[in-house]
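The values are calculated or read from the model by the stated rules, or taken from the named source; none is laboratory data. None of these values were measured; they are calculated from a predicted model. Neighbour counts are summed over all protein chains in view; Cβ atoms, including those assigned to glycine, are modelled from backbone coordinates with ideal geometry. Note: areas computed on protein heavy atoms with side chains; ligands, DNA, RNA excluded. Shrake-Rupley method; radii C 1.70, N 1.55, O 1.52, S 1.80 Å.
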Amino acid sequence: MAFAFNVAGFTAIDVHMTDILSGRVSLAGFVGLAACGGFSYGDVLGAGQGWSKSVLLHAGTRAEFKAFFERKDTFALGVCNGCQFLSRLTEMIPGAESWPTFETNLSEQYEARVCMVEVAEKSQNNSTPSVFLHGMHGSYLPIVTAHGEEQYPFNPNGSAGGITGVRTPDGRVLAMMPHPERTILKQVTSYAPAEQMEKWEKLGPWVRMFKSARRWVG
């Protein structure tokens, strides 16, 4: 995740929950927040729910996150466990009230594969373009999945309609189960025209998500 943000022009900084809980770090000093996957906050399925409790049940940390989400100059990305984490903080994320939660998959075990997804990002219902997905609407792209909320054979999270990510109407917060940060190198692309592959150099289309966020920051 840090690599993906760094190649897009950000300065990525690791912040642990203990840093925020102890008051050593304040979210007031950041413009972006990325809640990572890779079984963050515990090498168990559904750890994102426990992660959210460290925010919801700690008054000082709760105030930190609430203030961050309410600022108009911030963005947030949650991936895999980070997606579960954000989906449990909807009460403090403006516009996220109708977001779903993510439940255990039918196989009841960890699954990892590459899936195809469609970026169905478009402005509607008075929503604004996504900080991350702006300009990617209509793209069909391979992406890595690695989690316990999966349904065979193609649905990345067992959701209705195969929905794999949700965003807020203002476009500033995106939560998704698959891993775009693990899929930004062009070698992951199963096929693309040779001239397109040459144009991409080392990075594939998913890096646009992170570059779009950098462009939004200005």
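Which members of the stretch 153-179 meet the condition of being at pLDDT 75 or above and in a strand (DSSP E or B)?
G165, V166, R167, V173, L174, A175, M176, H179
When the residues of the stretch 115-129 are filtered to those that are open to solvent by less than 40 Å² (accessible area, probe 1.4 Å) and in contact with a Lys or Arg (Cβ under 9 Å, 6 or more places away or on another chain), which remaining residue is modelled with the highest pLDDT?
Restricting to residues being open to solvent by less than 40 Å² (accessible area, probe 1.4 Å) and in contact with a Lys or Arg (Cβ under 9 Å, 6 or more places away or on another chain), the top hit is S127.
Yes or no: the stretch 92-100 includes at least one residue that is open to solvent by 40 Å² or more (accessible area, probe 1.4 Å), within 21 Å of V217 (Cα to Cα) and at pLDDT 90 or above.
yes
Select from the stretch 1-49 the residues that are at pLDDT 95 or above, within 16 Å of the chain's Cα centre (by Cα) and more than 21 Å from R182 (Cβ to Cβ) and list them in ascending order.
Once the filter is applied, which keeps residues that are at pLDDT 95 or above, within 16 Å of the chain's Cα centre (by Cα) and more than 21 Å from R182 (Cβ to Cβ), the stretch 1-49 yields only V31.
If a residue must be open to solvent by less than 50 Å² (accessible area, probe 1.4 Å) and closer than 13 Å to S130 by Cβ, how many such residues does the stretch 191-218 contain?
4
Give the residue that is surrounded by the most Cβ atoms within 10 Å (Cβ to Cβ), with candidates limited to residues of the stretch 159-189 that are among the small types (G, A, S) and in contact (Cβ under 8 Å) with a residue 60 or more places away in the chain.
A175
Determine, yes or no, whether F132 is at pLDDT 90 or above, assigned to a loop (DSSP other than H, G, I, E, B) and of a type in the set (F, W, Y).
yes
What number of residues within the stretch 51-81 satisfy the criterion of being over 25 Å from G218 (Cα atoms), open to solvent by less than 10 Å² (accessible area, probe 1.4 Å) and part of a helix (DSSP H, G or I)?
Within the stretch 51-81, residues that are over 25 Å from G218 (Cα atoms), open to solvent by less than 10 Å² (accessible area, probe 1.4 Å) and part of a helix (DSSP H, G or I) number 4.
Give me the pairs, please: first residue somewhere in the stretch 1-21 and under 15 Å from A76 (Cα atoms) and small (G, A, S), second residue anywhere and open to solvent by less than 40 Å² (accessible area, probe 1.4 Å) and in a helix (DSSP H, G or I), beta-carbon distance under 6 Å, and either six or more positions apart or on two chains.
From residues that are under 15 Å from A76 (Cα atoms) and small (G, A, S), the pairs are A4/E181; A4/F210; A12/F5.
Show the residue pairs meeting these rules: Cβ distance below 8 Å; 6+ apart or different chains; first residue within the stretch 47-63 and farther than 16 Å from V79 by Cβ and of a type outside the set (D, E, K, R); second residue open to solvent by 40 Å² or more (accessible area, probe 1.4 Å) and in a helix (DSSP H, G or I).
S54/L21; V55/R62; L56/R62; H58/L21; G60/L21; T61/L21
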